[in-house]
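Here the structure is laid out as structure tokens; the discussion comes afterwards.
The values are calculated or read from the model by the stated rules, or taken from the named source; none is laboratory data. Note that the coordinates shown come from a computational prediction; the quantities given were computed from them, not determined experimentally. Counting neighbours? That spans all protein chains shown, and the Cβs are built from the backbone with ideal geometry, glycine included. The accessibility values were calculated without ligands, DNA or RNA, using every heavy atom of the protein model including side chains. Shrake-Rupley method; radii C 1.70, N 1.55, O 1.52, S 1.80 Å.
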Amino acid sequence: AQTVTQSQPEMSVQEAETVTLSCTYDTSESDYYLFWYKQPPSRQMILVIRQEAYKQQNATENRFSVNFQKAAKSFSLKISDSQLGDAAMYFCAYRTGSSNTGKLIFGQGTTLQVKP
Amino acid sequence: NAGVTQTPKFQVLKTGQSMTLQCAQDMNHEYMSWYRQDPGMGLRLIHYSVGAGITDQGEVPNGYNVSRSTTEDFPLRLLSAAPSQTSVYFCASSYSGTARLGYTFGSGTRLTVV
């Protein structure tokens, strides 16, 4: 069974600085998808970025980028030029590409604090 | 507005009571699923469905029932509420293929069982 681990329950960053959130996963599959979701205090789940495992190039969305290390099964999220609005809980998630179930497997979450 | 609608947003139940959490989507998504969120445990899958009439168990199905009679609706039933079911519940939906990969989540239901 696949598992996703986020080993940092809490992180903090100074406004305008860069922070990296860690995520590791365990799978025997070669075809899968990885996601980072943001959950602000409103509770809404917001997709930040996604990565297809077959793509070697790391995904980037504006100030958000990932470091995808397939062999190491690592999928970290880098937030550049942190803003107060980035304060939230962040979840790493995995979806298999080999079966049609649509199931997402989530990590435990990392709470990010942004200090002004 | 297109999206996933969950009702209610908040609910307090007494132990042993039953209730149904409603979830509806208007995007013609094939896949729908229910998750519960607990501190330090992330979101865990309760039940999921790949289409009308088809449901299956996730990681933590005990104490919950689902059915999917239409593509749009996927209600979650608590038959006899227990304090261990105090949690925040999310419904999510997505297309079946990976060409348009993306999940839409409802706004969640905070359930307290006393």
Near A:Lys73, which lysines are there with a Cα under 18 Å away, not counting those fewer than 8 places off in the same chain? A:Lys55
Highest-MSF residue in chain B out of B:Val12, B:Val66, B:Val50 [GNM, Cα springs under 10 Å]: B:Val12
With the protein assembly as shown reduced to its Cα atoms and the Debye formula applied, log10 I(q)/I(0) at q = 0.13, 0.14 1/Å amounts to -0.77, -0.89
Could you state the accessible area per residue of region A:1-80 in Å², with a 1.4 Å probe and every protein chain left in place? 54
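What full-extension length gain, to one decimal in nm, is calculated for B:Thr5 and B:Glu59 as 0.36 nm per residue of separation minus the Cα-Cα distance?
17.1 nm
Please express the shape of region A:77-116 as an equivalent ellipsoid: the semi-axes are the square roots of 5 times the eigenvalues of the C-alpha gyration tensor, given largest first in whole angstrom.
29, 10, 7
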Quick one: in chain A, what % of C-alpha pairs are over 18 Å apart? 47
Under 14 Å, Cβ to Cβ, from B:Phe10 - net charge with Lys/Arg +1 and Asp/Glu -1: +3
Can you give the Rg and Dmax of chain B based on its C-alpha atoms, in angstrom? 13.5, 44
May I ask for the net charge around A:Lys78, where only other residues with Cβ less than 12 Å from the Cβ of A:Lys78 are counted and Lys, Arg are +1 while Asp, Glu are -1? -3
At 7 Å along Cα-to-Cβ for each site, give me the label-to-label distance between B:Met19 and A:Thr111 in nm. 2.5
What pairs in A:Lys78/A:Lys115; A:Lys38/A:Lys70; A:Lys103/B:Lys14 have C-alpha atoms more than 24 Å from each other? A:Lys103/B:Lys14
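In region A:6-45, how does Rg compare with the Kirkwood Rh, expressed as the Rg/Rh ratio over alpha carbon atoms? It would help to have the intermediate numbers written out before the result.
On the way: Rg = 13.7 Å, Rh = 13.2 Å.
Radius of gyration relative to Kirkwood radius: 1.04.
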If you consider only alpha-carbon coordinates, what radius of gyration and Dmax does region A:49-116 have, in Å? 13.6, 45
Provide A:Asp86, A:Asp81 ordered by accessible surface of protein heavy atoms (probe 1.4 Å), highest first. A:Asp81, A:Asp86
DSSP-loop trypsin sites (Lys or Arg not before Pro) across region B:1-84, with at most 14 other Cβ within 10 angstrom: B:Lys9, B:Lys14
From largest accessible area down, sort A:Thr18, B:Thr104, A:Thr96; use a 1.4 Å probe on the protein chains. A:Thr18, B:Thr104, A:Thr96
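Two decimals is fine: what's Rg over Rh for region B:36-90, C-alpha atoms, Kirkwood radius as Rh?
Reported Rg/Rh (Cα atoms, Kirkwood Rh): 0.98.
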